[in-house]
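Below: one structure, written as C-alpha cells.
The values are calculated or read from the model by the stated rules, or taken from the named source; none is laboratory data. Predicted, not measured: the structure shown is a model, and the values here were computed from it. Here Cβ is always computed from backbone atoms with ideal geometry, including for glycine, and neighbour counts include all displayed protein chains.
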Amino acid sequence: MQKRQGFTLLELLIVVVILGVLALIAAPSLLNAADQAKDSTVKANVSAAASSITSRFALNSSDAATQIATDIADELNAENKNPIDDANPAFATAGTAPGSVVLAADDATDTIVISGYDKNSGSLITKTVKAPADN
C-alpha cells in the first residue's frame, strides 16, 4: 500500500481561494475602521477645545474671543498632532485642512465656533461656545 503524505495541489488551491475571499471581505472593514478612528480623534479634539475655551471664558472674561481662540490653539498644538495630516497643525484659527480643528472667533458676540474637518476637508462636527453673560 502506498501512503499519502502531504496535501494535493487541489487541496492547497482551495485553501488559498478561501483565504483570498476572507481577505476581500475583511479589508474594507479594516480600512474603514482606521478612518473612523481618525474622525473620532478629530471629534475628541473639538470637545477638548470647547472645554478649554469654556474654562478660559470663565477665568478671563475681559479677554477678546480672538485672543482666547489664538491662545487655546497654540496651547493645544503643543501637546497634540493632526491625526490625518502631520504637515498641518491639529488646531488653527483659519483654514479647512484635513484633520484640523478650526477656532473661528467673533469679538462682537464673544463667540467661538469650533469646526473639525475630515480627511476630505469636509465639515465633520461643529460646536459653538459663547462667553458667559455678565451679571
* Asked: Counting just the residues of segment 1-47 that are among the hydroxyl-bearing types (Ser, Thr, Tyr) and in a helix (DSSP H, G or I), which one comes out nearest to GLU75 (Cα to Cα)?
  -> SER47
* To do: For segment 126-133, state whether one or more residues are touching a strand residue (DSSP E or B) at 6+ places or on another chain (Cβ under 9 Å), of a type in the set (A, V, I, L, M, F, W, C) and crowded, with 19+ Cβ neighbours inside 10 Å.
  => yes
* Which ones in segment 48-95 are in contact (Cβ under 8 Å) with a residue 40 or more places away in the chain, of a type outside the set (Val, Ile, Thr), assigned to a helix (DSSP H, G or I) and surrounded by 15 or more Cβ atoms within 10 Å (Cβ to Cβ)? -> ALA49, ALA50, PHE57, ALA65, ALA69
* Return only the number of the condition from (1) modelled with pLDDT under 95; (2) aliphatic (A, V, I, L, M); (3) buried (at least 20 other Cβ atoms within 10 Å of the Cβ) that VAL101 does not satisfy. => (1)
* Of everything in segment 66-95 that's farther than 17 Å from LYS43 by Cβ and of a type in the set (D, E, K, R), which residue is farthest from the chain's Cα centre (by Cα)? -> ASP71
* Being in a loop (DSSP other than H, G, I, E, B) and either touching a residue at least 60 places away in the same chain (Cβ under 8 Å) or farther than 13 Å from VAL42 by Cα (or both) is the filter here, so list the residues in segment 96-119 that pass it. => GLY99, ASP107, ALA108, THR109, ASP110, ASP118, LYS119
